[in-house]
Structure formats: C-alpha cells, structure tokens
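Remarks on the structure that follows.
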Amino acid sequence: MIARTVPPLQGARWLAEGWRMFRAAPLSWFALVFAYWMAMTVLSLVPLVGIVAASVLVPAFSVGFMAASRAASRSQPVELAMLFAGFRERLPAQLALGALYLASLALVIGGSALVDDGVLARWLLTGREPAAEDVQEDSFLGALAAAAALYAPVMALFWFAPVLVAWHGMAPAKALFYSFFASLMNWRAFLAYGAAVAVVMFLLPTVLLLVLVLASGGSLRLQPMALVLPLALVMLPTLFASFYASYRDVFGEAGAGGRLGSL
C-alpha cells in the first residue's frame with residue numbers, strides 16, 4: 001500500500017476542494033447532510049442504546065459521504081442513496097470499526113472525567129448543559145484540553161480507516177494502522193487544514209459580524225448565531241467533501257510535488 005506525503009499547504013486546499021465539490025450539487029449535499037442528521041437524531045433519542053448505535057454507525061456513514069464526494073469530483077450526480085454506500089460495502093468490517101470507535105470515545109470521555117469529575121462527560125452523554133459555575137472552573141477547561149489531546153490520535157486512526165476498509169478491502173486493524181501513520185506522515189498538511197477550518201468557521205464570522213456592526217454605526221444588533229447557523233449549513237457538506245480530497249491526495253495516484261512512501 002502506498003501513501004503519499006503532500007506539501008503542507010495542500011491541507012488548506014482540501015477545504016477549497018471540498019467547497020468545489022459542494023458547489024457541484026448543493027441541493028443534493030443538503031439532502032445528504034439533513035438525512036444523516038435526522039438519522040443520528042432519531043437514534044440518539046433512544047436512551048443509551050441510541051448513542052451507542054449512532055457511534056457504531058459513524059464509519060459506515062462516512063463511507064457514504066466519501067462515495068458522494070467521489071461522484072461530485074467526477075462531475076457525476078450526487079444521490080441520496082450514496083449516503084448508505086458504507087452499509088453495502090463490507091458492513092461487518094465497518095461495524096467492527098464502529099465498535100472500536102465507540103471504545104475510543106469511551107476512553108476519551110473517561111480521560112476527561114478524571115480531570116473535572118465528569119462534568120464534561122455528563123454534558124456529552126446527556127446533552128444537558130452544566131451549570132455556569134462549573135463551566136468557569138479551571139478543571140472544566142482542563143477536561144476540554146484533555147479531551148482534545150486524547151481525541152487527536154483517535155482522529156488520525158479513523159480519518160482514512162473506513163474508506164480503506166470499504167474500497168481497499170483492508171481488515172479493520174490494518175486500516176487503522178495505515179490511517180494513523182498516513183495521517184502522521186502528513187501532520188503538516190493536517191495542521192494547515194485545521195487552521196483553514198478555524199479561519200472559516202470562527203475567525204471569518206467574527207470579522208464579518210464586527211464589520212456589519214461598525215458599518216451600521218453600532219445600530220445593528222446581530223446575534224453571532226445569526227451568522228454561525230447559515231455558515232454551518234454550508235460548511236458541513238464542505239467538510240465532508242474535504243475528507244475525500246485528503247484521501248485522494250494521500251492514497252490516490254502520486255502527482256507533482258508529492259513524495260511516495262510505502263507503509
């Protein structure tokens with residue numbers, strides 16, 4: 001199996017590629033994201049079992065978004081049925097990946113609970129916001145930092161794994177191995193990708209909000225969510241499509257500016 005090390009700035013281009021794929025069929029992408037959101041919401045309504053099922057099905061659904069992205073990149077129609085492509089391609093292996101993903105999440109949440117006595121964990125598991133005084137505690141911020149640090153290697157493990165299982169016929173353990181080290185090889189590109197996402201999702205709305213307020217002489221009253229929600233509707237499908245752009249660059253055919261490495 002060949003993995004490619006891409007230039008650091010290529011990571012920022014993944015987001016641009018995701019935007020291009022989204023623009024190819026925006027209504028179809030909205031339908032895919034809405035269907036996924038509805039499925040996860042309905043599952044999450046089932047006490048305890050629903051949260052477990054939703055987590056286990058994440059890898060299979062991610063293959064569906066990859067299939068839709070592949071179609072968009074080839075100027076082919078993006079269809080709602082593609083969302084369930086992962087359920088038609090080596091489903092037992094995808095469910096095994098999902099079980100491992102669930103176990104990884106449990107370790108991340110458990111690690112954060114050691115820092116703040118489970119305040120963040122209860123929020124994540126029950127959806128109930130903690131009291132304001134709990135959020136302001138240093139231990140809560142420490143739990144957030146611990147969760148982020150613990151989740152970083154989980155992301156590396158599962159970033160490419162579902163599609164490696166579905167499209168390359170790998171066993172789950174092997175796919176996790178390749179995904180982790182391919183991500184590690186491209187940590188600079190992923191750093192640039194994360195920076196690009198942060199700029200678009202957080203910095204850009206803040207700057208735009210300030211510009212609108214200043215342009216109105218302070219008379220305009222806009223809640224941040226008034227900008228964040230529309231942006232999220234566009235960014236979610238763009239992010240899903242950008243995952244495929246990263247896969248294509250790292251595991252696709254080598255081109256100019258890249259170095260091939262055998263894992």
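Spacing of the modelled spin labels on residue 184 and residue 91, each 7 Å from Cα toward Cβ, amounts to 3.5 nm. Taken along the Cα-to-beta-carbon direction at a fixed 7 Å, the label points for residue 131 and residue 107 span 3.4 nm. Net length available on complete extension from residue 124 to residue 155 is 9.4 nm, with 0.36 nm assigned per residue and the Cα-Cα distance removed.
Taking all protein chains as shown and a probe of 1.4 angstrom, residue 201 keeps an accessible surface of around 50 Å². For region 2-83, run through the trypsin sites (Lys or Arg not before Pro) and keep only the ones in DSSP coil with at most 15 other Cβ atoms within 10 Å of their Cβ. Taking region 2-83 and a limit of 15 other Cβ atoms within 10 Å, the loop trypsin sites (Lys or Arg not before Pro) found are 74.
The order of 116, 138 by accessible area, most exposed first and with a 1.4 Å probe, is 138, 116. In this simple spin-label approximation, residue 53 and residue 41 carry label points 7 Å from Cα along the Cα→Cβ vector, and these lie 1.7 nm apart.
Of the residues 111, 80, 96, the one whose Cα sits farthest towards the positive end of the charge dipole of region 73-142 is 80 (charges of +1 on Lys and Arg Cβ, -1 on Asp and Glu Cβ, taken about the Cα centre). Counting only protein heavy atoms and a probe of 1.4 Å, the accessible surface of region 1-153 is 68% carbon and sulfur. Centre-to-centre, using Cα atoms only, region 179-193 and region 35-59 are separated by 29 Å.
The values are calculated or read from the model by the stated rules, or taken from the named source; none is laboratory data. Predicted, not measured: the structure shown is a model, and the values here were computed from it. Cβ coordinates were reconstructed from backbone atoms using ideal geometry, including for glycine residues, and neighbour counts include every protein chain displayed. To get the accessible areas, we keep the full protein, side chains included, count just its heavy atoms, and leave off ligands, DNA and RNA. Shrake-Rupley method; radii C 1.70, N 1.55, O 1.52, S 1.80 Å.
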